[in-house]
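Shown next, in structure tokens, is the structure this report addresses.
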There are 2 protein chains.
Amino acid sequence: MKWYFVAALLTLLTSSQFATLTYVDPSTYQIMGNLKIVTTGILFRLFLRRKMSNLQWLAIVLLAVGATTSQVKGCGEASCDSLFSAPIQGYMLGILSACLSALAGVYTEYLMKKNSDSLYWQNLQLYTFGAIFNMIRLLWDDFQVGFNKGPWWQRIFNGYTVTTWLVVLNLGSTGLLVSWLMKYADNIVKVYSTSMAMLLTMIISVYLFHFKPTVQLFLGIVICMISLHMYFAPVHILVDLPKASKETSVSLNEISVERLVES
Amino acid sequence: MKWYFVAALLTLLTSSQFATLTYVDPSTYQIMGNLKIVTTGILFRLFLRRKMSNLQWLAIVLLAVGATTSQVKGCGEASCDSLFSAPIQGYMLGILSACLSALAGVYTEYLMKKNSDSLYWQNLQLYTFGAIFNMIRLLWDDFQVGFNKGPWWQRIFNGYTVTTWLVVLNLGSTGLLVSWLMKYADNIVKVYSTSMAMLLTMIISVYLFHFKPTVQLFLGIVICMISLHMYFAPVHILVDLPKASKETSVSLNEISVERLVES
């Protein structure tokens, strides 16, 4: 199976994301992360041939806009680098990260749905290749510094506390849940879930970390909720369908020529 | 005709707006001004009985949200009063202003469309009553200070320059254009127009007054554009209508029972 390709993509993606962070500040990085919503939608259409209505395309763009709105730096926050003042490589790497993320997600969904292999067997393949690629990467880093610090396997758990292991457990569970989404839902459900999770995190931070609630957080939530309805609500709930379609769908058994002539 | 009622409403409205400004800062005032988009939609439905689909309601909310987003105070701006720290009377007056604005707009549309009187005759009635009400208001202000400064008609053009007269001309033309909208379009077209005008003003300010372009301005524009499409685009462009309705609407002349049985 082509799981090695997904693993390679994901390794490339994380490298790209770290490289982006060497050029842009964290908030610009976070805002550029929202681009992957749009790139995922595009590849969803191109590669998986899943058609979306124009309204659903508007919903996808709106989701990215809503997520970005909630992340806009407000009045009086400490560091104030403009969104537009990073080096050009930062933006190019940000766009690259968005494309790689979309490609990895779409290809994962394709492989997950391709056959009815067990979810866990598919994950095992993916993560085995992932581990191998990352071990190669760690060996390469060691090689670059002439093994000065000793091989990576002697250092890999340095500084790990209970909290670190909890984070590892958390991320592992997240990976499983996302693969479940890919197999039984789709990439669009995934991008909505991650965006809602981001908003939920911001709300919880208000209570846990005394994060100051801002008007842009409230606006972002409203926008994402509207986007959610636009994408997933049945059409007949959103719009008033032309009378003919309602009659035709309701009364397939009572076909009368007179009614049609009237409509 | 009931133009005196509209004139009274508008006089109340301007008083309410000035009163709001004594409690809140200008940016909070501007943001609260967007509430009138939603109140206008509500009264449009309640008083003018104009039905809107759920999608159109979402579009109305989105327009208000988009306008607000563009007005969010960004990182590093000079004065930084929180949106949420004004006295409660400020918010109550803001809501009152939104309601009065909606009521005035909706009642104006009702009167404008009620008969086929000339637009100019209708405007004349409205503004005559408006002038009378405002003259009464000015007399009252004078009376309150015991005519210390002399009657208002001696002071009314104090400080007027060419620019002032141009502003007067501009506002008068705006009033005429809005009444045209009320007569031949509707209140919803009006709220979209004023919001787009606000965004256009911000864009022009970037060039004329070196206003710093912000990400929230860009986001607000995208949101308002999406809202515009959601509200006004024909349904069959936005969504994929059920197959039956497309066939029924396209081939009204070729009515065949077999096709219906198939769908």
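The values are calculated or read from the model by the stated rules, or taken from the named source; none is laboratory data. Everything numeric in this text was worked out from a predicted model, so none of it was measured. Glycine gets a Cβ as well: all are built from the backbone with ideal geometry, and neighbour counts include every protein chain shown. When the accessible area is computed, the model is the full protein with side chains, heavy atoms only, and any ligands, DNA or RNA have been set aside. Shrake-Rupley method; radii C 1.70, N 1.55, O 1.52, S 1.80 Å.
The table for this structure:
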read-out: List B:C99, B:C224, ordered by accessible area with a 1.4 Å probe, largest first; value: B:C99, B:C224
read-out: The protein assembly as shown - percent of accessible surface contributed by carbon and sulfur, probe 1.4 Å; value: 68
read-out: Position A:T22, label points 7 Å along Cα→Cβ, spacing to each other copy in nm (shortest first, one decimal); value: 6.1
read-out: Once the Cα gyration tensor of chain A is diagonalised, semi-axes √(5λ) in Å; value: 41, 26, 17
read-out: Within a Gaussian network of chain B (alpha carbon springs, distance under 10 Å), most fluctuating of B:K73, B:K36, B:K114; value: B:K114
read-out: Contact surface B-A: accessible area buried, both sides summed, square angstrom, 1.4 angstrom probe; value: 3800
read-out: Angle between chain B longest axis and helix B:35-46 axis [Cα atoms, degrees, rounded to 10]; value: 60
read-out: Quarter of the Cα convex hull surface for the protein assembly as shown, i.e. its orientation-mean projected area (nm²); value: 35.0
read-out: DSSP loop GluC sites (Glu not before Pro) with at most 16 other Cβ within 10 Å: longest gap in chain A; value: A:78-253
read-out: Accessible area per residue in Å² at 1.4 Å probe, computed on chain A; value: 57
read-out: Hz values of 3J(HN,Hα) by residue in segment B:226-233 - Karplus curve (6.51, -1.76, 1.60), Gly and Pro given as x; value: 4, 4, 4, 5, 4, 7, 9, 5
read-out: Rounded, prolate or oblate (a/c below 1.5 giving rounded, otherwise prolate when a/b exceeds b/c) for segment A:20-67 by Cα gyration tensor; value: oblate
read-out: Segments B:159-165, B:83-89, A:182-188, A:192-198 sorted - mean Cβ within 10 Å per residue, highest first; value: A:182-188, A:192-198, B:83-89, B:159-165
read-out: Inter-copy spacing of A:S173 label points, which lie 7 Å from Cα along Cα→Cβ, given in nm from shortest upward; value: 6.4
read-out: Using θ = phi - 60° and Karplus 6.51 cos²θ - 1.76 cosθ + 1.60, couplings along segment A:168-182 (whole Hz; Gly, Pro as x); value: 4, 4, 4, 5, x, 5, 4, x, 5, 4, 5, 5, 4, 4, 5
read-out: J(HN,Hα) series, segment B:198-212, from Karplus relation 6.51 cos²θ - 1.76 cosθ + 1.60, nearest Hz, glycine and proline x; value: 4, 5, 4, 4, 5, 5, 4, 4, 4, 8, 7, 10, 6, 4, 6
read-out: Fluctuation leader among A:Q154, A:Q71, A:Q30 - chain A, Gaussian network, Cα springs under 10 angstrom; value: A:Q154
read-out: Position A:F157, label points 7 Å along Cα→Cβ, spacing to each other copy in nm (shortest first, one decimal); value: 9.0
